[in-house]
Amino acid sequence: MKKVFSIALLLGALSLTTACKKTENLQDKKKQVLENYANIVLASYEDSREAAKAMQTTLAAMVKAPNTGSYRAAKEAWLAARVPYLQTEAYRMYAGPIDDDAGPEGFMNGWPMDEAYVDYVKGDMNTGIINRPDLFPNMTPALLKELNEKDGEANIATGYHAIEFLLWGQDQNALPNDAGLRAFTDYLPTTSSVKNVERRGQYLNTAADLLITDLNYLVEAWKDSQENYRKNFLANPKVSLRLVLQGAKELIGNEMAGERMQVIYDTRNQEDEHSCFSDNTHNDVIWDIQGLFNVYTGTYKRLDGTLIKGISISDLVREKDPKLDADMLALFAVAQKSAQSIVPPFDQAILKDSERAKIAATIQALKDISQKYLLVYDLIKD
Amino acid sequence: MKRPLHLLLATSSVLFVIFVMLVSACGNQNTDLLRPEKDEELSGGNSTVFDVSMNAFGQPAPILDAKQQTDFVVGNSFFKLNWVIAPASTTDRDGLGPLLNAQSCSACHLRDGRGLPPADGNTEPVGLLVRLSAKGMGPHGEPLGYGAYGGQLQNRAVLGLKPEAQVRVSYTEKVGQYADGTPFSLRVPTYTFLNPQWGNLDDALISPRLAQQIVGMGLLEAISETDLLAMADEFDKNSDGISGRPNYVWNEKEKKTELGRLGWKANQPTVEQQVAGAFLGDVGITSPIFQKHDLTPEQADLDKLPNGGQPEISNKLFEQVVLYTAALGVPARRNWQDKQVLAGKGLFLKNCAACHTPKLETGSSATIAAQANQIIYPYSDLLLHDMGPDLADNRPDFLATGQEWRTPPLWGIGLLETVNGKAFYLHDGRARTLEEAILWHGGEAQKAQKSFVGMPKRDREALIAFLKSL
């Protein structure tokens, strides 16, 4: 009996050791997944900053010498700056650096833009911070930041959409496919028909400066080998992986499928789209999905063409449940394909049956991914 | 080949013995209360949700049909995102103000959670608003607005306008101790108003109110009036010291007086009117229920500013926000089988359940039809109780006296910190901990408060552990 007992103990101990090894392997892999995730986060914030800096230079040049050419260049620089930034939205929704209590998300990408808080609008030519030098004599970054969070609450007056508004203006849809038709003369002191031209230029430059300050902050939070968020993030792989999965699920389901697409699909209100001034909303959808795809597959193509690739959430899932991984990848493919097939502008697409079907298909694929993310979560959370 | 099986059995029996030893080591407490009730963790019946993240309060009840799911998503958007100054490109979302407390519902109910009192004495509150009134009653029994201000102080305004006044909250500490000598300190708030624009506010009756978490509103609305009235005991006929009574309030849509069940003073009869009232008073958005801005005759000039349409939130969108508000699911309990939590539950049932009614059933009809006939655990009777002079706002609200408050539902209370980072309790957020919230209880709840003060530390901790599991 004694012998039997000790053999049992031995076997038990052995099987425990094997189990531990397996767990260790998995924990190790998780660490690698998160390392790679952090690398992608950092690279995409660095790219966003680079593109925003290019935009900052172009905007400053336009304000100095407004003309058709410099104005077009400014708009193109804004559109280009959106591409890397939109892909970073996948890192939201878990109170990470971008949107914890101190996070700059509201300053950078807040929506809907409070147009009349910033500049003239159709129906009121004298409104906005720009047109109230009596209230706000000096246009400084500190002022805009303060006005944006006046009394602890966000007035959306800065960020990408503020710059977009100041470049395109309100989309009045004179012709159905028009975006906003603000003219470069809004920045031209000599011939402008609107007031406070110089203040508008100052506002635009200041908004670009603020954006870069915020992107710097995010880059710092995710830099390697520093006492920063990234260090804590990597030190707690189990918690961090859960956060990443929860955030992605929330962004795909409630935010992308719901907030960004289902709402406008249901209301059919043309300007209830996120890039309503520039009519760039279709690209918002495409690049946001790309960002979520990046997170799942552990890949990111940098602006300079370099590919970052490492062990991914997809790899973890495939090891345990190949079918689930295949389903996820197939759904991503459907979402990407449907989103790319929507014929812009988005504010017209929501009114046409043929395009509505594509929007509905994108929404459905995103909803399905979000539901499957729950399974992914349960599968690899421990 | 049979040998490994024996080995396995031997191992399991060893483990079994150890297991039994462990179990019996913990088994020397009152056994009746140590058993969880079947399904008690499903606080919202079929509308229970299982998210324990910072988004725990934002999940739809899982019983919505396809149309309701869409309405929920759209409603969420108009609840969450800022309203903007009219006119704007986003025509569905303009019409903010002119006077306001917040730019969106979620500014105060962040992530559908609870508002926070201001961080210090120099900060303008968000999520804590101040109701005003003069002595007397309006034609429907409602509080009379105060002078040129009306019934609520709007401490914000759109660009170029001045807020009605700014609000400052300061606190003094009041110390006490538990029976076992452990000291505690409660903070007593004082409210001051800066830069009043419409005359002085010295004589105004004021009632500061914190934005509440809004889970389970549809379920509360679905409790039958008969069941609520059955809990009332206005003249304390059963001599338990507790005399819950109903508030009766004006229903603007039906143009009649009805049972009030929502809000800190049970001054709202329906989710629909609660939402419409908040849109109007807090954000400055007119709706199908309240089609005119809440401006006094003295403020009539403000009504000439551009508005966002009439009403500013369209009928369909308004209904979608109402659906959203009614359909937010109630988080399931956590750790409900935990020994300490069960011990705390026993103490709660003994001391607190006369007002914080644990279990109710929704009626046979509900705004969201699937929410009918559900066993739910709101820990409230939705009735008014005298809470004593220390908690009083001394501002009557329909039948509620200045000392009466509605028993607030406690479901979700253990997740406030998860959702909002911090948690403050009671109608004005004066309590920094659940202990402080209990210690403030007076009036009908004085007995419960006393027994809490008298509890040994272990029991106090068990009670709190129970509350945190809600």
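The values are calculated or read from the model by the stated rules, or taken from the named source; none is laboratory data. Keep in mind the model is a prediction, meaning the values are calculated, not measured. Cβ atoms come from the backbone with ideal geometry, glycine included; neighbour counts cover every protein chain shown.
Taking the range B:108-118, which residues are among the hydrophobic types (A, V, I, L, M, F, W, C) and surrounded by fewer than 24 Cβ atoms within 10 Å (Cβ to Cβ)?
If the condition is that a residue be among the hydrophobic types (A, V, I, L, M, F, W, C) and surrounded by fewer than 24 Cβ atoms within 10 Å (Cβ to Cβ), then B:L110, B:L116 are the ones that fit.
For residues in the range A:116-146 being within 11 Å of another protein chain (Cβ to nearest Cβ) and among the basic types (K, R), which is farthest from B:N307 (Cα to Cα)?
The qualifying residue farthest from B:N307 (Cα to Cα) is A:R132.
A quick yes/no check of all residues on (1) away from chain A (no Cβ under 14 Å); (2) without any contact (Cβ under 8 Å) to a residue 24 or more places away in the chain; (3) assigned to a loop (DSSP other than H, G, I, E, B); (4) farther than 23 Å from B:K174 by Cα:
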{"residue": "B:S380", "(1), (2), (3), (4)": "yes, no, yes, yes"}
{"residue": "B:H385", "(1), (2), (3), (4)": "yes, no, no, yes"}
{"residue": "B:D390", "(1), (2), (3), (4)": "yes, no, yes, no"}
{"residue": "B:D393", "(1), (2), (3), (4)": "yes, no, yes, no"}
{"residue": "B:G402", "(1), (2), (3), (4)": "yes, no, yes, no"}
{"residue": "B:D428", "(1), (2), (3), (4)": "yes, no, yes, no"}
{"residue": "B:L439", "(1), (2), (3), (4)": "yes, no, no, no"}
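Based on what the data block shows, is A:G180 in contact (Cβ under 8 Å) with a residue 12 or more places away in the chain, among the small types (G, A, S) and within 11 Å of another protein chain (Cβ to nearest Cβ)? Please lay out each step first, then the result.
Working: in contact (Cβ under 8 Å) with a residue 12 or more places away in the chain: yes; among the small types (G, A, S): yes; within 11 Å of another protein chain (Cβ to nearest Cβ): yes.
It is true that A:G180 is in contact (Cβ under 8 Å) with a residue 12 or more places away in the chain, among the small types (G, A, S) and within 11 Å of another protein chain (Cβ to nearest Cβ).
May I ask you to say which residue of B:A369, B:A445, B:A343 is more than 23 Å from B:I214 (Cα to Cα), of a type in the set (A, V, I, L, M) and surrounded by fewer than 22 Cβ atoms within 10 Å (Cβ to Cβ)?
Exactly one residue qualifies, and that residue is B:A343.
Consider A:E149 against the criteria (1) over 27 Å from B:L305 (Cα atoms); (2) surrounded by fewer than 22 Cβ atoms within 10 Å (Cβ to Cβ); (3) within 11 Å of another protein chain (Cβ to nearest Cβ): it satisfies all of them except one. Which criterion is unmet?
Among (1) over 27 Å from B:L305 (Cα atoms); (2) surrounded by fewer than 22 Cβ atoms within 10 Å (Cβ to Cβ); (3) within 11 Å of another protein chain (Cβ to nearest Cβ), A:E149 violates only (1).
Give B:A61, B:A56 a once-over and let me know the one that is in contact with a Pro (Cβ under 7 Å, 6 or more places away or on another chain), closer than 21 Å to A:Q246 by Cβ and more than 9 Å from chain A (Cβ to nearest Cβ).
Only one candidate passes the filter, namely B:A56.
Go through the range B:290-311 and give me each residue that's within 14 Å of another protein chain (Cβ to nearest Cβ) and surrounded by 13 or more Cβ atoms within 10 Å (Cβ to Cβ). If you could, list the steps in order and put the result at the bottom.
Step one: filter the range B:290-311 for residues within 14 Å of another protein chain (Cβ to nearest Cβ), giving B:304-309.
B:L305, B:P306, B:N307, B:G308, B:G309 - these are the residues of the range B:290-311 that are within 14 Å of another protein chain (Cβ to nearest Cβ) and surrounded by 13 or more Cβ atoms within 10 Å (Cβ to Cβ).
So, A:R182, is that one touching a helix residue (DSSP H, G or I) at 6+ places or on another chain (Cβ under 8 Å), among the basic types (K, R) and part of a loop (DSSP other than H, G, I, E, B) or not?
yes
Out of the residues in the range B:65-84 meeting the condition of being within 8 Å of another protein chain (Cβ to nearest Cβ) and assigned to a loop (DSSP other than H, G, I, E, B), tell me which one is farthest from A:G123 (Cα to Cα).
Taking the candidates together, the pick is B:L81.
Out of all the residues in the range B:119-134, which are more than 18 Å from the chain's Cα centre (by Cα), farther than 21 Å from B:A300 by Cβ and buried (at least 17 other Cβ atoms within 10 Å of the Cβ)?
B:E124
Take the residues of the range B:460-470 that are crowded, with 18+ Cβ neighbours inside 10 Å and more than 19 Å from the chain's Cα centre (by Cα): which is nearest to B:L186 (Cα to Cα)?
Result: B:R460.
Go through the range B:135-189 and give me each residue that's basic (K, R), within 14 Å of chain A (Cβ to nearest Cβ) and under 24 Å from the mean Cα position of the chain (by Cα).
Once the filter is applied, which keeps residues that are basic (K, R), within 14 Å of chain A (Cβ to nearest Cβ) and under 24 Å from the mean Cα position of the chain (by Cα), the range B:135-189 yields B:R156, B:R168.
Restricting attention to the range B:94-114, and to residues there that are more than 7 Å from chain A (Cβ to nearest Cβ), in a loop (DSSP other than H, G, I, E, B) and of a type in the set (S, T, N, Q), which single residue is farthest from B:L161 (Cα to Cα)? First the steps, then the outcome.
Pass one, the range B:94-114, residues more than 7 Å from chain A (Cβ to nearest Cβ): B:94-101, B:104-106, B:108-114.
Still in the running and in a loop (DSSP other than H, G, I, E, B): B:95-98, B:101, B:104, B:109, B:113-114.
Applying the additional criterion that residues be of a type in the set (S, T, N, Q) yields B:101, B:104.
On the way: B:N101: 13, B:S104: 18 Å.
If we take residues in the range B:94-114 being more than 7 Å from chain A (Cβ to nearest Cβ), in a loop (DSSP other than H, G, I, E, B) and of a type in the set (S, T, N, Q), then B:S104 is farthest from B:L161 (Cα to Cα).
Take B:T286 and tell me if it is under 16 Å from the mean Cα position of the chain (by Cα), within 28 Å of B:P60 (Cβ to Cβ), of a type in the set (S, T, N, Q) and modelled with pLDDT of 95 or more.
Criteria not met by B:T286.
With within 16 Å of A:A257 (Cβ to Cβ), surrounded by fewer than 16 Cβ atoms within 10 Å (Cβ to Cβ) and touching a helix residue (DSSP H, G or I) at 6+ places or on another chain (Cβ under 8 Å) as the only criterion, which of A:A339, A:A360 stands out? Before the answer, list the steps.
Details: A:A339 fails: surrounded by fewer than 16 Cβ atoms within 10 Å (Cβ to Cβ).
Of the residues listed, the single one that is within 16 Å of A:A257 (Cβ to Cβ), surrounded by fewer than 16 Cβ atoms within 10 Å (Cβ to Cβ) and touching a helix residue (DSSP H, G or I) at 6+ places or on another chain (Cβ under 8 Å) is A:A360.
Please verify whether the range A:239-248 includes one or more residues that are touching a helix residue (DSSP H, G or I) at 6+ places or on another chain (Cβ under 6 Å), over 30 Å from A:P176 (Cα atoms) and within 11 Å of chain B (Cβ to nearest Cβ).
Scanning the range A:239-248, I find at least one residue that is touching a helix residue (DSSP H, G or I) at 6+ places or on another chain (Cβ under 6 Å), over 30 Å from A:P176 (Cα atoms) and within 11 Å of chain B (Cβ to nearest Cβ), so the answer is yes.
It is to be established whether one or more residues within the range A:62-79 are facing chain B (nearest Cβ under 10 Å) and closer than 17 Å to A:H274 by Cβ.
no
Within the range B:30-53, is there a residue that is modelled with pLDDT under 90, hydroxyl-bearing (S, T, Y) and farther than 30 Å from A:A95 by Cα?
Taking every residue of the range B:30-53 in turn, at least one turns out to be modelled with pLDDT under 90, hydroxyl-bearing (S, T, Y) and farther than 30 Å from A:A95 by Cα.
Per-residue answers, yes or no, for (1) farther than 22 Å from B:A332 by Cβ; (2) touching a Gly at 6+ places or on another chain (Cβ under 9 Å):
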position: B:N373; (1), (2): no, yes
position: B:W411; (1), (2): no, yes
position: B:G414; (1), (2): no, no
position: B:K457; (1), (2): yes, no
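Hey, any hits in the range B:85-93 for a residue that's among the β-branched types (V, I, T), buried (at least 22 other Cβ atoms within 10 Å of the Cβ) and facing another protein chain (nearest Cβ under 7 Å)?
yes
From the residues in the range A:231-281 that are within 22 Å of A:A365 (Cα to Cα) and more than 19 Å from the chain's Cα centre (by Cα), which one is surrounded by the fewest Cβ atoms within 10 Å (Cβ to Cβ)?
Restricting to residues being within 22 Å of A:A365 (Cα to Cα) and more than 19 Å from the chain's Cα centre (by Cα), the top hit is A:R268.
Do we find a residue being more than 14 Å from chain B (Cβ to nearest Cβ) and among the aromatic types (F, W, Y) anywhere in the range A:81-96?
Scanning the range A:81-96, I find at least one residue that is more than 14 Å from chain B (Cβ to nearest Cβ) and among the aromatic types (F, W, Y), so the answer is yes.
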